[in-house]
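See structure below.
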Amino acid sequence: MGKLTVKKVKALNRPGSYGDGNNLVLAIRKSGAKFWLFKYARGGREHSMGLGPVHTVELHEARDAAHAARKLLREARDPIAEKRSARLTSVGARTFEQLARDFHAAHGSRWRNAKYRQQWLRTLENYVFPKIGFLPVGVIDTAAILSALKPIWESRYETARRVRNAIETVLSAAMAQGLRTGENPARWSGHLEHLLPTRAATEKKHHAAMPWREMPDFMSRLRTSPPAGSLALDALALEFLILTAARTNELRFATWDEIVDDVWIVPKQRMKTGREHRVPLSRRAIEVLAGLPRDGGPYLFPVPTADVPLSHSVMGRQLQRLGAPVTVHGFRSSFRDWAGESTSFPNHVVEMALAHSIRGVEAAYRLGDLLDKRRKLMEAWAGYLGTPTEAKVLRYARA
């Protein structure tokens, strides 16, 4: 020991590692932060144990800590494991699982999607709690998080990505409550992005979509071979969804009081963007509404025997009935491709029709929703899908 001095430690500023001897290293980050490390080999692997930043741990204190760590190594004990065990006994017993369940109970009701609320907790129960759920939130470090993420990172990438985000959220809540200090070890930018592989963009899975040139034929089959009974309502629901380029849950919970004149007003609670969305209805879309039964129930497309919203899978069954190997959500892509490849409608008008968040220069158009321009777009889409019969524009008033 003794390669470094107090004066030299203070003077050094170039990023890198500077050894003091006997496993003690001074590390300097690009940001200029200086901290002490105890580096050692165990089990054929190299390890680094943080001893604290220079501004709180002086040179002689770092040497004392390194001496204690070497003593543990001579006794065949792992310094990092011993340090973690000591923290376990000194930190309160508020575990990650307890805090995660408390967070879910307190904030889950604010999430719009009930399925997401359920999945958020279930993924933690399946992949995180067995690994780190028993640990106090104050001692969870990068190694603990990697132990939960690595087994599923490549085989279940989307699930793992959501799990990482949930862990980061819970640990942020712990920091806000004073249950842990320092940076969040679950953060992606500048941290886990360097420790976990990033899935190539070409591997991203998209919803199977029907080529837009095949859409008129599909719509003709959907309209001319309707099923009997309650399934006929399912077919109308699918047609209305395609005509409006809406998402499934936006349609399933649609109510009659959301239809104002020839506009469908989707409340912000059902929108992915969290903003109210006005959908101009084409003549054919209004025809579909005019043919729906009005029995006093609130929903446009209810389950006839129960007066509850349609199941999430009923429109998918219509696709199976017609032998279409696509997804319901994929029709939004069909609409987007049609608009981009065969029309001259501006991009921001098309994106607003899809209720996408718009960034950059085009975000300026958010000052209005361009309803009249989008009305022409949706009428053109309906016309492409099949020439609608001349119909009087029906007018609906809020209930």
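Here, each number is a calculation from the coordinates, and none is a lab measurement. From a predicted model like this one, the values you see are computed outputs, not experimental measurements. Positions of Cβ are backbone-derived with ideal geometry, glycine not excepted, and every protein chain shown enters the neighbour counts.
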Rounded to whole Hz and in sequence order, give me ³J(HN,Hα) for the range 47-54 from the Karplus expression 6.51 cos²θ - 1.76 cosθ + 1.60, θ = phi - 60°, writing x for Gly and Pro. 10, 10, 10, x, 10, x, x, 4
By how many nm would the segment from Arg221 to Ser109 grow when fully extended, if each residue of separation counts as 0.36 nm and the alpha-carbon distance is taken off? 36.2 nm
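Please order Trp381, Trp188, Trp264 by the number of other Cβ within 10 Å, starting at the fewest. Present the calculation step by step, with values, prior to reporting the outcome.
Working: Trp381 25, Trp188 16, Trp264 22.
Least to most surrounded, the residues fall as Trp188, Trp264, Trp381.
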Using the basic label-point model (7 angstrom from Cα toward the beta carbon), what is the Ser344 to Ala81 distance in nanometres? 7.3 nm
For Lys39, which aspartates and glutamates qualify as cross-link partners when the Cα separation must be under 20 Å and same-chain residues fewer than eight apart are set aside? Asp20, Glu58, Glu61, Asp64, Glu75, Asp78, Glu82, Asp141
Long-range alpha-carbon pairs in the chain, meaning those over 33 Å apart, account in percent for 52 percent
Using the alpha-carbon atoms, what tilt in degrees (0 to 90, nearest 10) does helix 59-74 show relative to the longest principal axis of the chain? 90 degrees
What length, rounded to one decimal in nm, is gained on full extension from Tyr116 through to His329, with 0.36 nm per residue of separation minus their alpha-carbon distance? 75.0 nm
Gain in span if fully extended, Thr181 to Arg278, counting 0.36 nm per residue against the direct Cα distance: 30.4 nm
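I'd like the FRET efficiency for Glu125 and Asn22, computed as 1/(1 + (r/R0)^6) with the beta carbon distance as r and R0 of 45 Å, rounded to 0.05.
Working: r = 45 Å, r/R0 = 1.01.
My answer for the efficiency is 0.50.
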Which whole-Hz couplings ³J(HN,Hα) result when phi for each residue of the range 369-376 is put into the Karplus expression 6.51 cos²θ - 1.76 cosθ + 1.60, θ = phi - 60°, listed in order with x for Gly and Pro? 9, 6, 4, 5, 5, 5, 4, 5
Got a sec? Charge dipole of the range 88-176, +1 on Cβ for Lys and Arg, -1 for Asp and Glu; which of Phe96, Ala176, Ala166 is way out at the positive end? Ala166
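Which semi-axis lengths, in whole Å and largest first, follow from the square roots of five times the eigenvalues of the Cα gyration tensor of the range 1-144? Mind showing how you got there, number by number?
Values: eigenvalues 302, 71, 34 Å².
That gives 39, 19, 13 Å for the three semi-axes.
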Cβ-derived FRET efficiency at R0 30 Å, Lys150 paired with His312, nearest 0.05: 0.40
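Go ahead and estimate [θ] at 222 nm for the chain from helices alone: -39,500 (n - 2.57) per DSSP H run with n ≥ 4, summed, over the residue count, rounded to 500. Please list the in-between numbers first.
Details: 16 runs with 177 residues, N = 399.
Here the helix-only value at 222 nm equals -13500 deg cm²/dmol.
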Would you mind computing, in nm to one decimal, how far apart the modelled labels at Asp372 and Ala41 are, each placed 7 Å from Cα along Cα→Cβ? 7.8 nm
Rounded FRET efficiency, nearest 0.05, which uses the C-beta distance separating Arg94 from Thr255 and R0 of 41 Å: 0.45
What ranking do Val314, Val170, Val349 get, fewest neighbouring Cβ atoms within 10 angstrom at the top? Val349, Val314, Val170
Determine the alpha carbon to alpha carbon distance for each of Lys10/Lys30; Lys8/Lys34; Lys71/Lys131; Lys7/Lys34 and list only those over 18 Å. Lys71/Lys131
Please list, in order, the residues from the range 338-358 whose amide nitrogen is less than 13 Å from a point placed 7 Å along the Cα→Cβ vector of Ala380. 338-351, 353
